Amino acid sequence: MNLEDFIQYSGQKGSNPGGFYVRNDDPQEKWYVKFPSDEHSAFNEILASKLYHLAGVDVPELKMIYDATGKLGVASKVIENLSMGKAVLKSPKITGVHEHFVIDAWLGNWDVVGLNYDNLLVQGNKAIRIDVGGSLRYRAMGGLKGSAFGETVSEIDSLLDASLNPKSYDIFGNITKEQLLHGAKRVAAITDGDIRMLVEASGIQDSAIKKELTDILIARRNDIAKRFNLALQPLCDLTNGEIEAIKRSTTNGFAVRIDIDMIEDHNVLFWPEMDVDGKELLGCEFKLMPPYFKSFEKKNLGAFQLKDATFEEKVFKNGVLHRTGNSIYLSHIYSLTYGKYYETVIDGVTIRYWKGITDAGRNYAHAGKIQMFVNSSGGIGDASARIKKVMQQLNVHCERATALDSEELYFRQILNSYVANPDNAVIAGKIDALFQKVAKLDQVDRVRELEHGITSLFGLDVKKLKGYDPFSENRLLGGFAGRTNRINPLLMADKDWPDFAQTYSLSHSPTNGSTEVSVVETVLSNGGIMAQTTDKLRRGFTWGGMSPVDDMETGGASYFFTRLKFRNSTTNGLYFKIDRICRLDAIVYRTDHYGRCTGDFVRNHKYSTLEAFKQVVVKENNNETIFKNSLDIVYDIDVIKVSSKSEKDRIIKAYKAFLKSDYMPDGRKIEDIVLTTSSY
């Protein structure tokens, strides 16, 4: 990040020069920026935060930031509504204090609590390590620890010694064996590849220091595993933060990154709902990758029963989906192939599977989809563990996606967006050659070669670009719902991007007799996300759209449809922020193909560059820009264009009721995003 993209609103806090800043383009996004005298301590602190995050511990988002002279600083995203003090930390209602102690010890965070209990704070009922500067190689006040940060995790004892660390003992002194084991399991789940990748990407230039730090972190992890008699294997257990996010996500669900190559986009969606009899359920949904269709079916379908698909009707109330006991009436669905699925029950978990096909057919949008439902009266954590056990029985890979897995997927998605590039066959051929070149390399070397390949092909250091984030937690509704979305930073780096962003928008027109008003009211009352056809069926709503049957056959039913238009268009509709076109789940077609994504169709028809996007708008009024993970009408919306003041007033009322504010999350007044004929 660059300091020139921010405005300072408050002064320095602490010993290093710095202050509080907001983004120029988003005044709701606040950061504290500091510039330590030693840039290596900045690298150290950012790396520590990423390692904490990898272990499932709540810490602020930290990023590198440069001032106008090129000086490196640390930007920490501000977390609001924090409480401080020994009493609040010792409350039995607070999670994440004791459970994550072993992770503090692994990272050598000698100052985890803080001199005045000011480094370990509380938001709601969860603990947050607000300052991790005393971790790894550096002391909290600066200066290297030297050999004191070694291969043995002595901090498990020293941080619990009242004579050596009275403040730490105050908070952690009554830790239980179960809480110690919980943290140890988290550490043991971290792979060598994760550690190597994060250290490699830390910014540290000295290769000897990087190797030494990598070796020490791996040795310390091994020391913890040996001490607690644990095998070194990745976990699938949900973190406390993920469990809370699933509860908050309501009908939209919250995706967790699971698996390396068997599950599409590493995305497994979880959501809560209520059965007809009032019992709590946890739902889970993901899609298998096509190469695994046959092996899954051969191993498992003998125990499944082929059934007419039942799409339960559900209503959304009190923040949860409730089954009504009825089925959605879709008169034209039951005669078609996708009106059937395979179902079985294993250990109380209901599993549904839509048979996989790899090309056009009536089942394509649901092909390879798996849904699971289990009673969650014992808690979401327990229910998700039961789902994990069943996934293992079905031979579905359910290890957590590692940092290395995420970076490899990210680079491949960026490159694949240009392989699917009918306006540049030369670069597509070079990308195919790169994929062949890396096929036989180990994962660390594969990822490094993919990164170098992007730099060579496009002449840009991808890691330094705005929007680069392979470990993205960027979901819908400000990160609180839906599946993870990654950004193609190469598009935003195009010299024509500023002009393009001012000129174009993504438009969606209501269908089937709906109006802008009814769409906004309905969507906000059901969670705020524009549900695509397949997701409407998951939510228990009757499907709609211009061509749901055709979309099921082409695969387009898994996508939300927009059209790329001039921003000054006089057509009514919902207009979404143009930077969403940079998302890697977006597909731009020159004309209406019902969202087809079968076979090689995407590769042969998708457009990938700003220049091609401009030509799409000029030449075709019925172009398609579709999003696999949909869009929301809170964070993603640009403007809404309607005909009358009465329509505008109803939309403003709906937004104010949903947001409980007069302002959108990006700082604009709600009344300013709704335009009538006279104002556009």
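The values are calculated or read from the model by the stated rules, or taken from the named source; none is laboratory data. The model shown is predicted, which means the values in this text are computed figures rather than measured ones. Quick reminder, even Gly has a Cβ in these numbers, built from the backbone with ideal geometry, and neighbours come from all protein chains shown. With ligands, DNA and RNA removed, areas are computed over all heavy atoms of the protein, side chains included. Shrake-Rupley method; radii C 1.70, N 1.55, O 1.52, S 1.80 Å.
So the values come out like this:
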item: Burial order of peptide ranges 110-117, 156-163 (average beta-carbon count within 10 Å, highest first); result: 110-117, 156-163
item: Using alpha-carbon coordinates, inclination of helix 645-659 to the longest axis of the chain, degrees; result: 30 degrees
item: Of all accessible heavy-atom area on segment 543-680, the percent that carbon and sulfur account for (1.4 Å); result: 48 percent
item: Cα long-axis angle, helix 516-525 against the chain (0 to 90 degrees, to the nearest 10); result: 40 degrees
item: Per-residue HN-Hα couplings for segment 484-492 [Karplus 6.51, -1.76, 1.60; θ = phi - 60°; Hz; x = Gly/Pro]; result: 6, 10, 10, 9, 8, x, 5, 5, 5
item: Radius ratio Rg over Rh of segment 28-94, counting only Cα atoms, Kirkwood formula for Rh; result: 1.06
item: Relative contact order [Cα under 8 Å, 6+ residues apart], the chain, whole percent; result: 10 percent
item: Cα-Cα separations in segment 542-680 greater than 23 Å, expressed as whole percent; result: 42 percent
item: Kirkwood-based Rg to Rh ratio, segment 542-593, C-alpha trace; result: 0.97
item: When each of LYS340/LYS536; LYS355/LYS606; LYS185/LYS369; LYS279/LYS340; LYS314/LYS656; LYS369/LYS577 is checked by Cα-Cα distance, pairs over 19 Å; result: LYS355/LYS606; LYS185/LYS369; LYS279/LYS340; LYS314/LYS656; LYS369/LYS577
item: Packing-based ranking, highest mean first, of 85-97, 554-566, 253-265 given that Cβ atoms within 10 Å are counted; result: 554-566, 253-265, 85-97
item: Most to least packed among 344-352, 22-30, 197-205 [average Cβ atoms within 10 Å]; result: 197-205, 344-352, 22-30
item: FRET efficiency estimate (nearest 0.05) - Cβ-Cβ, GLN393 to ASP442, R0 25 angstrom; result: 0.25
item: Extreme residue, positive dipole direction of the chain, given options PHE172, GLY325, GLY599 (C-beta unit charges); result: GLY325
item: From the coordinates shown, volume of the Cα convex hull per residue in Å³ corresponds to which of (1) 193; (2) 316; (3) 164; result: (3)
item: Charge dipole (debye, nearest 20) of the chain; +1 at Cβ of Lys and Arg, -1 at Cβ of Asp and Glu; result: 760 debye
item: Charge dipole (debye, nearest 20) of segment 521-621; +1 at Cβ of Lys and Arg, -1 at Cβ of Asp and Glu; result: 320 debye
item: Integer Hz, Karplus 6.51/-1.76/1.60 couplings in order for segment 210-222, x for Gly and Pro; result: 4, 5, 4, 5, 4, 4, 5, 5, 5, 5, 5, 4, 5
item: Tilt relative to the chain, helix 403-419 - C-alpha long axis, 0 to 90 degrees, to 10; result: 40 degrees
item: Gyration tensor (alpha-carbon) shape descriptor, segment 49-197, a/c threshold 1.5; result: rounded
